[in-house]
Amino acid sequence: MRLARLGFVPVLGFLPLLGFGCSDPAPPTPRGAYSLNFADPGASCNTGGHSETLGEVTAAARTRVLTDGEEGAIVDCVVSGSGTFSVSARARNSATATEIRVDIGSISPSATAEMPATGSISFSSAKTGGETFVSDPEDPCRFWFIPESEQGIDAGKIWVVFECTSMLNEGYSCELRRGALAFDSCGT
């Protein structure tokens, strides 16, 4: 009796089935940081001046950017475009009950202090009594990059400085002075 010899049978036609059940990788988890100075410019403001941070970012250094969920941080962001970009971001420091929301309709990498992009910010903290201050649409916040710094913008990320000279809440007007924010791993 002779035994049949089995030969190699190519299975290349079945290789696509090997990936069955796999999906696209999960999107990266957003990260964010901010620092700002909430200022009381005088009688027009009903809240004392104070500084707030999430992570560690300044105009000169982006030292610690927190991942969504890290140390109670809540971070959500989209930085989309090419050439010019739009930004929508939210970061909350649960430990201090501080939250900032940023919307920039159009910002280019060439934005400077003399020619800044404009946008809106809403801000609340325990020190504002949980009250939300919103930038004045008639006097929007200004966003720019310091020349020859590492700041910048690209799809999915931004590091920028800002100021808002008119933050409104129920007839009161306060300021956000020279702040910095950084977001990365954002949606595009």
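Name the residues whose placed amide hydrogens come within less than 5 Å of the amide hydrogen of residue 156, ignoring near sequence neighbours (fewer than 5 apart) on the same chain.
Excluding prolines and chain starts, which carry no amide H, the hits are 79, 80.
Counting other C-beta atoms within 10 Å, which of 34, 172 has the fewest, and how do the rest follow?
Numbers: 34 26, 172 15.
Placing the least packed residue first, the sequence is 172, 34.
Applying a 10 Å radius around every beta-carbon, put 101-108, 121-128, 45-52 in order of their mean neighbour count, most first. Mind showing how you got there, number by number?
On the way: 101-108: 18.1, 121-128: 20.0, 45-52: 16.0.
Top of the packing list down: 121-128, 101-108, 45-52.
How much net charge surrounds residue 165 when only other residues with a Cβ under 15 Å from its Cβ are counted (Lys, Arg +1; Asp, Glu -1)? Kindly include the intermediate steps, with their values, before the conclusion.
Working: positive: 142, 177, 178; negative: 40, 136, 138, 139, 163, 175.
Neighbourhood net charge equals -3.
Mind giving me the nanometre distance, one decimal, between the label points for residue 50 and residue 76, set 7 Å out from Cα along Cα→Cβ?
With each label point 7 Å from Cα toward Cβ, the separation is 2.4 nm.
So for the chain, Kirkwood radius off the Cα pairs, Stokes-Einstein at 25 °C and 0.890 mPa s: how many µm² s⁻¹? Intermediate results must be reported in sequence, preceding the final value.
Numbers: Rh = 18.3 Å.
Here the translational diffusion coefficient equals 134 µm²/s.
Just need log10 I(q)/I(0) for the range 89-188 at q = 0.13, 0.21 Å⁻¹, Debye formula, equal scatterers on the alpha-carbon atoms, no solvent, rounded to two decimals.
Once normalised to I(0) and log-transformed, intensities are -0.46, -1.11.
Within the set of other residues whose C-beta is less than 15 Å from the C-beta of residue 176, count the net charge using Lys and Arg as +1 and Asp and Glu as -1.
Working: positive: 101, 127, 142, 177, 178; negative: 40, 52, 99, 103, 131, 136, 139, 163, 175.
That works out to -4.
Computed from the coordinates by the stated procedures, all read-outs in this text should not be read as laboratory data. These figures come from a predicted structure and were not determined experimentally. No Cβ is skipped: glycine too gets one built from the backbone with ideal geometry, and neighbour counts run over all protein chains shown.
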